[in-house]
Every structure is written in C-alpha cells, then in structure tokens.
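The values are calculated or read from the model by the stated rules, or taken from the named source; none is laboratory data. All values reported here derive from a predicted model rather than from experimental measurement. Every residue, glycine as well, gets a Cβ built from its backbone with ideal geometry; the counts of neighbours run over all protein chains shown.
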C-alpha cells in the first residue's frame, strides 16, 4: 500500500504542478470540473450501496453548473449565488417527479444537495484562488501545506501514534498524528514563503495560514471519514492506487481551498 501511494504521488505531482502553473484558464477549469464530477459521483455511489439513492444525473448537472459559475464569477460575482440557488431549487423541484419508495424520499434529496454543496461549491473555489494575483503560486502553496501535513500525520501516526483522535469516526487517526499535521503545516507554510514568490504572504500570514489549513484539513478529513462510516465503506472508490477514490484524496482540500481563498481575500490581499 505504501509503495503504491509513493509511486502514484511521484507520477501525479508533476502533472498537477504543470496544470496549476502552466495550463490556460479553460484547461484548469476543465480539470476542476472533472474532479468535482468524479468526486460527486463517488459520493452518490457510496451511499447507493446502503440504500440512500441520490438523483445522480440532476446532481451532477447542477454541480457542474455551480463549478462553471465560478469560472465566470470573477467578472460577474452574482453568477455563483445564482447557480447555487438554481441548484437548491432545482434539486427540490426535480424531486417532485420521483415516486417515493417508502414515504417521502427526503434522504435522497438531501444526498443530492450534499454532493453539490460538498464537492462542487467547496472545490469550485480553486478557480477563484488561482485567479487571484499570484494565484498559481498560492494554489501550489495550499496543496503543499495540505499534503505535507497529511503526510506527516500518516507517518507519525503509524510510528508513534498511541492516543486515538476520533475512534468512532476514524480509528486509525491519532492525537500524535494530528499534532504532527498541525506543526508540519505551519513549517511547510514558512518554508514555502521563504522559497517561493508569494505576493503579500508575510511570515505572520504564513503562521496564520499554516494553522488554519492544519486544523481545517483535519476536520475535512474527519468529515469524509464520517460520510464513509455512514455509508459503511472504507474508500470512496478504487480509482487511485493506494489512495482509494478521488474524494479520499480531496477530503482535506475541500475545506482548505475555500479557507485559503478567504484568508487571502480578508487578511493578505493589498486591499485588506
């Protein structure tokens, strides 16, 4: 398993860096859109196994609409709340055409909306993040901080982990691993600020971002573990060798990407 994880990372990281740093906007949007739709489909399939059936077709179309709204939202910010409003109203409206199997099928409707909000809305912020001044560097910065922290948690937890962090949700996670993730996230933020050109990211902001991503990334990881536990499954899918599904790989980023975007906009942008 560890060898598979390392081999996949060696192959995937250069491609990801090239997409973030070099790809034209349309290609980056297409990659985010594809990632959202795959992760959303994994979520729906995961719960279908335990009898909670989403309106997958409508959910994926409406989720894609939300992602595309982020692509135009830099010039027309009203597009994003409009798309999300259409997604909520559309999901509830389309549910009227589905006959209930046992009473009113509210769980399937809620799952459809969860997929749109959890996958499309949260990850859609990656388009806005990359669109900021120096956005490509900021995006890679967020990836490096998040995945450095996760890697530290994995190895420290395996080697020295003794106290369980959330045994009912994710038995493998430990307090020692959580501390390692927080410390490494802060350290990675400082290293990135000193070695990569990042506009308006001071050492103080590096500390703030490191703590924010180090904490929220773990909450995102535990949130996905909670969903998998609810769906009685170990991995979202077997798509990525050694990593499970795409949703398993994006769990921390779903929380950290919006967090980094709003942190920069609120505290680290020239206008703040």
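Let me spell it out: the conditions are (1) under 27 Å from residue 33 (Cβ atoms); (2) modelled with pLDDT of 95 or more, and residue 241 meets all of them except one. Which number is the exception?
(2)
For segment 111-140, give me each residue that is out of contact with any helix residue (DSSP H, G or I) (no Cβ under 7 Å at 6 or more places or on another chain) and either over 17 Å from residue 35 (Cα atoms) or modelled with pLDDT under 95 (or both).
131, 133, 134, 137
So, residue 188, is that one crowded, with 16+ Cβ neighbours inside 10 Å and touching a strand residue (DSSP E or B) at 6+ places or on another chain (Cβ under 9 Å) or not?
On the way: crowded, with 16+ Cβ neighbours inside 10 Å: yes; touching a strand residue (DSSP E or B) at 6+ places or on another chain (Cβ under 9 Å): no.
Here the answer is no, as residue 188 does not meet what is asked.
Go through 260, 239, 227 for me and flag whichever is touching a helix residue (DSSP H, G or I) at 6+ places or on another chain (Cβ under 6 Å), surrounded by 17 or more Cβ atoms within 10 Å (Cβ to Cβ) and in contact (Cβ under 8 Å) with a residue 12 or more places away in the chain.
Criteria check complete, one pass: 260.
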